[in-house]
Amino acid sequence: MKLSAKTRYAARILLYLARYGIEKPVSSSMLATQTGISSQFIEQILRQLRLAGITGSIRGARGGHVLLRKPEELTFGCIVKLMEGGIELSGCLEKPGNCVRFDGCEVRRAWENLQATLDGVFESITLRDLMQDDRILSSSPPPGGSPN
C-alpha cells in the first residue's frame with residue numbers, strides 16, 4: 001500500500017493553504033514555488049479540492065487559492081478519501097461478495113482490526129495538528145517573507 005503522489009501533494013498544498021491561504025489568496029505560482037509541485041499538477045489537484053468545497057479561488061491580480069474549511073476539520077482521512085477513494089488493506093474488505101472465503105475466513109478479523117486502526121489514525125491527524133507541531137514544520141514564514 002502506497003499513497004499516490006496526488007494524495008501526498010494534496011496534503012502538502014492544503015497544509016500550505018492552512019498556514020497562509022485563509023486570510024488572503026495564494027497564487028498558483030507561489031504554491032508551486034513553496035511546495036515544489038508543478039503548476040500543472042497543482043491545478044489538477046486544486047480542481048478536485050474546489051469541487052469538494054475544500055478550497056476556493058479568487059480571480060484577478062490579487063487572486064489565488066484559499067482554504068474554505070478550517071484546518072481542524074481537515075483530516076488526512078478526508079484527504080485520502082477524496083484523492084484515493086479511501087484505502088482498503090484487503091480486497092475482501094472492499095468487496096466482501098467477491099471472496100468465496102469471506103464467511104469462513106480465519107484472518108478476516110485481523111484485516112478488519114488493522115483497517116479500523118489505519119482509518120482511525122488517518123482521521124485523528126488534522127492540518128491544525130501539523131501546523132502546531134514544530135518538530136514537523138518550522139514556524140517561520142515562507143522564503144521572501146510573504147506568502148503571496
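Placing +1 on the Cβ of every Lys and Arg and -1 on the Cβ of every Asp and Glu, with no other charges, gives the chain a dipole of roughly 580 debye about its Cα centre. Taking 4.7 Å between beta carbons as the limit, the unpaired Cys residues of the chain are Cys78, Cys105.
Ordering Ala52, Leu3, Ser90 by the projection of their Cα atoms onto the charge dipole of segment 1-101, which places +1 on the Cβ of Lys and Arg and -1 on the Cβ of Asp and Glu, puts Ala52 at the extreme positive end.
Calculate, for Lys6 and Glu112, the FRET efficiency according to 1/(1 + (r/R0)^6) with r their C-beta to C-beta distance and R0 25 Å; round to the nearest 0.05. Write out the running numbers ahead of the final one.
Working: r = 27 Å, r/R0 = 1.09.
Taking R0 as 25 Å, the efficiency between Lys6 and Glu112 is 0.35.
Shape call for the chain from the C-alpha gyration tensor, a ≥ b ≥ c root eigenvalues: rounded (a/c under 1.5), prolate (a/b greater than b/c) or oblate? Show your work: numbers first, answer last.
Numbers: a/c = 2.97, a/b = 2.17, b/c = 1.37.
Prolate, since a/c reaches 1.5 and a/b exceeds b/c.
State the number of lysine pairs found in the chain whose Cα atoms come within less than 24 Å, restricting to pairs 8 or more positions apart or on distinct chains. List each step's numbers first, then the result.
Working: Lys2/Lys81; Lys2/Lys95; Lys6/Lys70; Lys6/Lys81; Lys24/Lys70; Lys70/Lys81; Lys81/Lys95.
Within the chain, the lysine pair count is 7.
Helix-only estimate, please: 222 nm mean residue ellipticity of the chain, summing -39500 (n - 2.57) across DSSP H runs of length 4 or more and dividing by its residues, to the nearest 500.
Values: 7 runs with 73 residues, N = 148.
Counting only the DSSP helices, I get -14500 deg cm²/dmol.
Mind checking which of Val100, Val121, Val26 has the largest fluctuation in a GNM of the chain, springs on alpha carbons under 10 Å? It is Val100.
No lab work stands behind these numbers, since they all come straight from the coordinates. This one's a predicted model, so the numbers in the text were calculated from it and none came from an experiment. Cβ atoms come from the backbone with ideal geometry, glycine included; neighbour counts cover every protein chain shown.
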